[in-house]
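The values are calculated or read from the model by the stated rules, or taken from the named source; none is laboratory data. Predicted, not measured: the structure shown is a model, and the values here were computed from it. For neighbour counting, all protein chains shown are included, and Cβ atoms are generated from backbone atoms with ideal geometry for every residue, glycine included. We work out accessible area using only protein heavy atoms, side chains counted, and drop any ligands, DNA or RNA first. Shrake-Rupley method; radii C 1.70, N 1.55, O 1.52, S 1.80 Å.
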Amino acid sequence: CVEPSRDMLDTASDYMAERGFSNTVKLVEGFVEDTTLITSLGQFDLVYSTLSMHHWGNPIFGLKNLMKALKPDGLMVIYDLRAPHEGRRSKVNDIRVILAAAGIDNYMVKNGLIFRTVKIAKPGVPLS
């Protein structure tokens, strides 16, 4: 779990400890835009982001980093607000433009009234 907020990491740590998962989930303070950090964590079968992308300083760069952390047959799922723009400093308001700018072309977007789910995989990997 990569999380920039120490308070959220402390809450997550308590939650994991109460459920016996302290040694199962690694909690790391940092940002998805930190290439050194993301690379140091290795590769994953699943990358999941919940209600955080709208806080990323640079969602295009963050997505590029997360794609590097995804195993060749892995899946990324981003669940977030259908915000008027993606990223706190971004002027881009279309998730498809952000995905294209990050070099991502294998994705599926499901929009709800307030939230959006984006499934992402490397080329040739099924999304269903």
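Observations on the structure shown:
- Modelled FRET efficiency - R0 25 Å, Thr35 with Cys1, Cβ distances, 0.05 increments: 0.90
- Comparing mean-square fluctuations of Leu51, Leu113, Leu81 from a GNM of the chain with C-alpha springs under 10 Å, the top value falls on Leu113.
- For the range 1-41: rounded, prolate or oblate by the Cα gyration tensor [a/c cutoff 1.5]: oblate
- Under the criterion of Cα pairs below 8 Å and six or more residues apart, the relative contact order for the chain equals 21 percent.
- Against the chain, whose longest principal axis is taken from its Cα atoms, helix 6-18 shows a tilt of about 60°.
- Relative to the Cα centre, the charge distribution of the chain, modelled as +1 at Lys and Arg Cβ and -1 at Asp and Glu Cβ, gives a dipole magnitude of about 480 debye.
- Summarising the label geometry, the points placed 7 Å from Cα in the beta-carbon direction at Ala12 and Ile114 lie 2.3 nm from one another.
- GNM flexibility winner over the chain from Thr39, Thr11, Thr24 (Cα, springs under 10 Å): Thr24
- Efficiency of FRET from Cβ geometry, Asn106 and Val25, R₀ 22 Å, rounded to 0.05: 0.20
- The sum of -39500 (n - 2.57) across all DSSP H runs of n ≥ 4, divided by the residue count of the chain, sets its helix-only mean residue ellipticity at 222 nm to -8000 deg cm²/dmol.
- Read-out Rg and Dmax of the Cα atoms in Å, derived from the coordinates shown; its label in [x] 22.7, 83; [y] 15.0, 47; [z] 14.7, 42: [z]
- Sequence ranges 114-121, 25-32, ranked by mean other-Cβ count within 10 angstrom, highest first: 114-121, 25-32
- Cα long-axis angle, helix 59-69 against the chain (0 to 90 degrees, to the nearest 10): 60 degrees
- Based on protein heavy atoms only, the chain ends up with 61 Å² per residue of surface accessible to a 1.4 Å probe.
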